[in-house]
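**Student:** Structure provided below as C-alpha cells; questions to follow.
The values are calculated or read from the model by the stated rules, or taken from the named source; none is laboratory data. None of the values given here were measured: they were computed from a predicted structure. In this analysis, Cβ positions are derived from the backbone assuming ideal geometry, glycine residues included, and neighbour counts consider all displayed protein chains.
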Amino acid sequence: MDIQALTAFISVAEHKSFSLAAGQLHLTQPAISKRIKGLEEQLNSPLFDRHNRSLSLTDTGHSLLPKAKEIVQLVNDTRLSMRNMNHKVEGSLKLGTSHHIGLHRLPPYLKSFSSQFPNAELNLSFMGSESAYKAVAQRQVELALTTLETSNTDYSPEGIVSEVLWHDEMIFVCSTKHPLNQLNNVQLKNLSDYPAILPESNTFTFKLLVEQFRQQGLILRSPMPTNYLETIKMLVSVGLGWSLLPKSMLDNAEEMGLIELQINQISLTRPLGFLYLQDRTLSNAAKAFIALIKA
C-alpha cells in the first residue's frame, strides 16, 4: 500500500470530505479521489459510503483506519529518526500553547530558540488546555505548553508525558468599585452572590473553583465564560464580576482599578508545563526546545 494513499485516506476519514482533505494535503480533489480509488481497488472493497452531501466509513474503512494511522506514524517516525542522526536542529516544530503562557512565559524562550537555531521553524498554535492534550494525542502538534491536568484520566489521555515547569499562583480579584471590595472579611459564600468572569467549564481554573464551591455547598455563577485571560481581566476591571487570575499577570492591577480579595484559608495554584506523546519520536528541534526551557 502506498503511504501517500493511506495519508489521503486518513485525511478524508477525519474531515469526512474529499475537498477538505485536498485542502489539508495541498492536492487537487481529483488527486485525492484517485488515491482513494487505488486503495479500494487493492482491497477490492469500498472504503466510504457516499451520501448526498456527506461521507461515512464502510466496515472495511473502519477496519483500515487504525492500521493506516499506525503505518503512517511508523514511517514518519522512522524518517525522523534517520534525520535526527545528523544532530542538526532544523525543520518545523509544531508547538501548541495557551494564550497566557504564550504571552507571559514563552517570549524569552522563543527569542532564544530562534537565535540559537535559525534553521528551525517554529509553528505556534494557541489553544486551551483540553485542546492541547487532544492535539498532542492526535499528533497535530509535537509539543504543547499548557495548564497540566492532575486528576481526570479522560482529560489526560494515556501515553502522554507531562512535566511541570512553573507553579502559577492564583488570586481572587474584583474591581475597586465592586460591592465585594466593601466587605471586611470576604468568604466564598460572598462570592457566590455575584457573577464570576471565568474561563470555560473544561478548563483547570474553572474545575478548581467548582470543587472549592462544591465542598462548601455553594453555587458558582459564571454567565459569560471566555478563555482569554486578558479579556477576563478587562471585564473584571469594569465591574462585571469577580475572577480568579494568575498573580503573574496582575502587575498593573492598581492602574486597571483591580483589587485582590483575600479569601481566608484558600491558597490556589495551577501547574504549568509541557506535554508530548510518549511513543512519538521527537525531532531534534523539539528536543532542543525542551532542553532550552528546562535549563
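**Student:** Can you tell me which of L235, L268 is in contact (Cβ under 8 Å) with a residue 24 or more places away in the chain and more than 18 Å from L208 (Cα to Cα)?
**Tutor:** L235
**Student:** What's the number of the only condition in (1) of a type outside the set (D, E, K, R); (2) at pLDDT below 90; (3) not assigned by TED's automatic domain parsing to the domain that holds K37 that P108 fails to meet?
**Tutor:** (2)
**Student:** Taking the criterion of being more than 30 Å from T231 (Cα to Cα), surrounded by fewer than 15 Cβ atoms within 10 Å (Cβ to Cβ) and not aliphatic (A, V, I, L, M), would at least one residue in the stretch 264-279 satisfy it?
**Tutor:** yes
**Student:** What are the residue pairs meeting all of these: first residue in the stretch 97-121, first residue closer than 18 Å to L275 by Cα, second residue among the polar types (S, T, N, Q), Cβ atoms under 6 Å, and 6 or more apart or on different chains?
**Tutor:** S98/T146
**Student:** Are any of the residues in the stretch 170-182 touching a Lys or Arg at 6+ places or on another chain (Cβ under 7 Å), of a type outside the set (S, T, N, Q) and either within 18 Å of T205 (Cα to Cα) or surrounded by fewer than 16 Cβ atoms within 10 Å (Cβ to Cβ) (or both)?
**Tutor:** Applying the first criterion (touching a Lys or Arg at 6+ places or on another chain (Cβ under 7 Å)) to the stretch 170-182 yields 170-171.
Remaining after also requiring of a type outside the set (S, T, N, Q): 170-171.
After this cut, where a residue has to be either within 18 Å of T205 (Cα to Cα) or surrounded by fewer than 16 Cβ atoms within 10 Å (Cβ to Cβ) (or both) as well, the list is 170-171.
For the stretch 170-182, residues touching a Lys or Arg at 6+ places or on another chain (Cβ under 7 Å), of a type outside the set (S, T, N, Q) and either within 18 Å of T205 (Cα to Cα) or surrounded by fewer than 16 Cβ atoms within 10 Å (Cβ to Cβ) (or both): present.
**Student:** Could you list, ordered by first residue, the pairs with Cβ atoms under 7 Å in which the first is in the stretch 1-18 and touching a residue at least 40 places away in the same chain (Cβ under 8 Å) and the second is among the basic types (K, R), at least 6 apart or interchain?
**Tutor:** I10/K69
**Student:** Quick one: what pairs do we get from the stretch 208-228, first residue on the phi > 0 side of the Ramachandran plot and surrounded by 14 or more Cβ atoms within 10 Å (Cβ to Cβ), second part of a loop (DSSP other than H, G, I, E, B) and among the hydroxyl-bearing types (S, T, Y), C-beta under 7 Å, 6+ apart or different chains?
**Tutor:** none
**Student:** Follow-up. Would you please list the contacts, defined by Cβ atoms under 9 Å and residues six or more apart or on different chains, that run from a residue in the stretch 43-65 that is free of Cβ contacts under 8 Å to residues at least 24 places away in the same chain and polar (S, T, N, Q) to a residue that is part of a loop (DSSP other than H, G, I, E, B) and buried (at least 17 other Cβ atoms within 10 Å of the Cβ)?
**Tutor:** Every condition considered, the pairs that remain are T58/L47; T60/L47.
**Student:** Mind listing whichever residues of the stretch 132-185 are over 15 Å from the mean Cα position of the chain (by Cα), at pLDDT 90 or above and among the β-branched types (V, I, T)?
**Tutor:** V164, I171, V173, T176
**Student:** Let me ask you something else. Out of L208, L244, L282, which single residue is outside the structural domain of E130 (by TED's automatic domain parsing) and at pLDDT 85 or above?
**Tutor:** L244
**Student:** Also, I was wondering about something else. Those residues that are surrounded by fewer than 20 Cβ atoms within 10 Å (Cβ to Cβ) and of a type in the set (G, A, S), I need them from the stretch 12-38; list them, please.
**Tutor:** Listed by number, the residues that qualify are S17, S19, G23, A31, S33, G38.
**Student:** Still on this structure: Among (1) surrounded by fewer than 18 Cβ atoms within 10 Å (Cβ to Cβ); (2) more than 26 Å from the chain's Cα centre (by Cα), where does P66 come up short?
**Tutor:** Exception for P66: condition (2).
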